[in-house]
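*Asks:* What follows is a single structure, and I will ask about it in a moment.
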Ligand code: KIV
Ligand code: NA
């Protein structure tokens, strides 16, 4: 296939070209992103964005596979990365491998992403050695919302700073082909992203501009979500566009202006 491969991201980094990424859950939106993104993440944020869940915890492997299949159908060029949802990989390396293999087999995606730092390095290595490219995800990891006590920006204390650098190193050394860094205070995120010890590409979201690439949740940057975090820049206002269109439609149906003659089928 002509798709971007997980290993290609390292070349982007070596060439000093920024890695461009967004999330997508649907065939149509993914098809618009395809030409512009190095990779598209089918994120477990779909639980909150598509389904209105309070967190990503209820998301199932079946939900991830279904949306990944849709995104694959809508694309031909970008690398597709699929999130491993809560409960599908933490119990053991074997559990992680079985479920990650299922994702790749049933969707045709090129890689998976899993949350977690040093504690998951062994799992990352186990998968990579068995043919599954793994993207790491450190810092603010939304699946840990209950143990973090909320969605908290990371790296505010010396202890947290030390742990984040340790997490980045462990996931880097385990062979992850890239690491998402989410919600990390600037000096700490910069120190990780520019560290000689971190050779794998770093992808920022609410982290530093010094990362090798950036990712945002598509619906957040399009202005479709009803609320989004401080780190999101709005590149559109889809919510008001949709509102205006729906209002216009409702008015025209009410007044009888829609459907007009050109929207009806003539006889024979
Ligand atoms: O689920 C998701 O959308 C993510 C990105 C925010 C990195 O994990
Ligand atoms: Na996610």
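*Asks:* Determine if the range 148-158 includes at least one residue that is modelled with pLDDT of 95 or more, away from ligand 1 (no atom under 14 Å from the Cβ) and assigned to a helix (DSSP H, G or I).
*Replies:* Within the range 148-158, one or more residues are modelled with pLDDT of 95 or more, away from ligand 1 (no atom under 14 Å from the Cβ) and assigned to a helix (DSSP H, G or I).
*Asks:* Also, I was wondering about something else. Quickly run through the range 72-94 and pick out the residues that are away from ligand 1 (no atom under 16 Å from the Cβ) and either under 24 Å from residue 145 (Cα atoms) or touching a strand residue (DSSP E or B) at 6+ places or on another chain (Cβ under 8 Å) (or both).
*Replies:* Once the filter is applied, which keeps residues that are away from ligand 1 (no atom under 16 Å from the Cβ) and either under 24 Å from residue 145 (Cα atoms) or touching a strand residue (DSSP E or B) at 6+ places or on another chain (Cβ under 8 Å) (or both), the range 72-94 yields 72, 75, 91, 92, 93.
*Asks:* Within the range 181-200, count every residue that is surrounded by fewer than 21 Cβ atoms within 10 Å (Cβ to Cβ) and assigned to a helix (DSSP H, G or I).
*Replies:* Residues that pass the stated criteria total 4.
*Asks:* Consider residue 178 against the criteria (1) surrounded by fewer than 18 Cβ atoms within 10 Å (Cβ to Cβ); (2) within 16 Å of ligand 2 (Cβ to nearest atom): it satisfies all of them except one. Which criterion is unmet?
*Replies:* Residue 178 satisfies every listed condition except (1).
*Asks:* Report, by residue number, each residue of the range 122-134 that is in contact with a strand residue (DSSP E or B) (Cβ under 9 Å, 6 or more places away or on another chain) and either part of a loop (DSSP other than H, G, I, E, B) or surrounded by 20 or more Cβ atoms within 10 Å (Cβ to Cβ) (or both).
*Replies:* 123, 124, 127, 132, 133, 134
*Asks:* How many residues are within 15 Å of ligand 1 (Cβ to nearest atom), closer than 19 Å to residue 10 by Cα and either in a helix (DSSP H, G or I) or in contact (Cβ under 8 Å) with a residue 60 or more places away in the chain (or both) when one looks only at the range 95-116?
*Replies:* 3
*Asks:* Of everything in the range 162-186, what is more than 25 Å from residue 132 (Cβ to Cβ) and either within 15 Å of ligand 1 (Cβ to nearest atom) or touching a residue at least 12 places away in the same chain (Cβ under 8 Å) (or both)? Give them in sequence order.
*Replies:* Correct list: 163, 165, 183, 184, 185, 186.
*Asks:* Here are some residues: 162, 119, 169. Which one is in a helix (DSSP H, G or I) and closer than 17 Å to residue 202 by Cα?
*Replies:* Checking each option against the conditions leaves just 169.
The values are calculated or read from the model by the stated rules, or taken from the named source; none is laboratory data. As the structure is a computational prediction, the values presented were derived from the model and not from experiment. When we count neighbours, we look across all protein chains shown, and the Cβ atoms used for this are built from the backbone with ideal geometry, even at glycine.
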